[in-house]
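Below is one structure, written out as structure tokens, with a few remarks after it.
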Amino acid sequence: MFDAGASTGACARDETVFAAMRACAALREIDTARTHRALVLGGTDSVRHARGCALRVDARIAPPAGVPRLARRGVERVLDMMDPDGVVWWSAGVRRALSATPGLPSRRLLVRLDEGSCEARVVNPESGELTSCRRTLAPGPTGLPAPRPRRARRAGGALRIGLVGATPDSPAALTLVIGILTVAGIACEGVADARTPGMDRAERHVREGGYLRAIRVADGPAASLFDACDVVLMAGLRGAEPSFAAWCDAHDALAWGVPVIVPPLAGAASLGGRALLTRADRPSEFARVIRERFASGHAPEPTAPAGGASIAGAIEAALHELGSME
């Protein structure tokens, strides 16, 4: 159950919702012992964004005024129709708002990709006694295969540079990287999600500078743009550690064969040496790495396959554990 009412400016929240959607889609593929159905709280855009994450939506409820607790009657009707044995909350806020909804099954799993944890709960329907078990998730790929085969870079074509784990300063950092590379004689262009905060400032820089290629903008999950990129950057962080979901995005990019360049942050260790590291979070450093690795005009080297367990695999294990809890 998702709260997919993502809004402009809620960048970290959006990437958490989209990572959860990809993990849910992957869970459906690998957990063949169970039938999974997705209920999304949100407007019509939520279905489009779910489709961009390869998630089929089985039911959608638009909460009045965007308040999840006001969707309780609609959720009750959906539960009556689906009659599930358990429920997976993909949002702590939705669980808080709807945990008292009549008809909820006694077995419930909360998955939090904003912090990297999942909590299994079983509520005794007679006594109300609660049994719970919490586990920490390790950053990793969501488990969703690449949406389509990687498109090869055209010979002599512009290097397509995208963003992962974007902050309000990331689009401006991207334009500075492109500017440095352009001055160095390397043809490149940016690829970004239109809803990333700071895009207006970046587009103004492109428009008024007169020496940069336009940034290709799309409205949708950042990960759905990876296949259009030759390399993605985790830039403009100003020393802040990216969210758990942002690291999952980076893992997905690597799993899909897209090189990732990150600054020397603690979370970079989870990428297992597959990412390219800069010496600092500065546009000049990202430009240096790109110039050294990708300026030959050839396609970037394929990345090594992502290692370790997927998020979907960890959630499948948690569901198995939930099924054995009394």
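Brief remarks on what is shown
For every residue, the table says whether it meets (1) assigned to a strand (DSSP E or B); (2) closer than 17 Å to GLU316 by Cα; (3) modelled with pLDDT under 95; (4) within 20 Å of the chain's Cα centre (by Cα).
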| site | (1), (2), (3), (4) |
| --- | --- |
| PHE18 | no, no, yes, yes |
| ASP45 | no, no, yes, yes |
| ARG69 | no, no, yes, no |
| PRO84 | no, yes, yes, no |
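- Per this entry, PRO171 is not counted among residues that are surrounded by fewer than 20 Cβ atoms within 10 Å (Cβ to Cβ), in contact with a helix residue (DSSP H, G or I) (Cβ under 6 Å, 6 or more places away or on another chain) and either touching a residue at least 40 places away in the same chain (Cβ under 8 Å) or closer than 22 Å to ASP45 by Cβ (or both).
- Pair list, Cβ under 8 Å, 6 or more apart: region 256-278 residue in contact (Cβ under 8 Å) with a residue 60 or more places away in the chain, other residue of a type in the set (S, T, N, Q) and in a loop (DSSP other than H, G, I, E, B): GLY257/THR303; VAL258/THR303; VAL260/THR303
- Some residue of region 49-56 being closer than 26 Å to SER106 by Cβ and touching a strand residue (DSSP E or B) at 6+ places or on another chain (Cβ under 8 Å): no
- Region 29-63: number of residues that are under 18 Å from SER91 (Cβ atoms) and of a type outside the set (A, V, I, L, M): 11
- For THR101: the one exception among (1) among the β-branched types (Val, Ile, Thr); (2) outside any helix (DSSP H, G or I); (3) in contact (Cβ under 8 Å) with a residue 60 or more places away in the chain; (4) farther than 17 Å from ILE315 by Cα: (3)
- Scanning region 174-189 for residues that are over 26 Å from the mean Cα position of the chain (by Cα) and either in a helix (DSSP H, G or I) or in contact (Cβ under 8 Å) with a residue 60 or more places away in the chain (or both) yields GLY179, ILE180, LEU181, THR182, VAL183, ALA184, ILE186.
- Residue that is touching a residue at least 24 places away in the same chain (Cβ under 8 Å), surrounded by 20 or more Cβ atoms within 10 Å (Cβ to Cβ), in contact with a Ser or Thr (Cβ under 8 Å, 6 or more places away or on another chain) and of a type in the set (A, V, I, L, M), where the choices are VAL94, VAL40: VAL40
Residues are listed down the side, and each one gets a yes or a no for (1) buried (at least 19 other Cβ atoms within 10 Å of the Cβ); (2) within 24 Å of THR16 (Cα to Cα); (3) not acidic (Asp, Glu):
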residue: GLY66; (1), (2), (3): no, yes, yes
residue: LEU70; (1), (2), (3): no, yes, yes
residue: MET81; (1), (2), (3): no, no, yes
residue: ASP85; (1), (2), (3): no, no, no
residue: VAL88; (1), (2), (3): yes, yes, yes
residue: LEU98; (1), (2), (3): yes, yes, yes
residue: ARG112; (1), (2), (3): yes, yes, yes
residue: SER132; (1), (2), (3): no, yes, yes
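- All strands (runs of 3 or more DSSP E) inside region 190-304 with 2 or more residues being at pLDDT 90 or above and in contact with a Phe, Trp or Tyr (Cβ under 8 Å, 6 or more places away or on another chain): 231-233
- When we screen ARG121, ARG77 for residues that are in contact (Cβ under 8 Å) with a residue 12 or more places away in the chain and either closer than 26 Å to ALA317 by Cα or not in a strand (DSSP E or B) (or both), the only hit is ARG121.
- Condition check for GLY165: in a loop (DSSP other than H, G, I, E, B), at pLDDT below 95, of a type in the set (Gly, Ala, Ser) and surrounded by 14 or more Cβ atoms within 10 Å (Cβ to Cβ): yes
- The set of residues in region 305-326 that are at pLDDT 85 or above and part of a helix (DSSP H, G or I) comprises ILE311, ALA312, GLY313, ALA314, ILE315, GLU316, ALA317, ALA318, LEU319, HIS320, GLU321, LEU322.
- Here region 24-37 is the region considered, the condition is being within 16 Å of the chain's Cα centre (by Cα) and among the small types (Gly, Ala, Ser), and the residue that is surrounded by the most Cβ atoms within 10 Å (Cβ to Cβ) is ALA26.
The values are calculated or read from the model by the stated rules, or taken from the named source; none is laboratory data. Small disclaimer: the values here were computed from a predicted structure and weren't measured. A quick note on method: Cβ atoms are made from the backbone with ideal geometry, for glycine too, and the neighbour counts reach across all protein chains shown.
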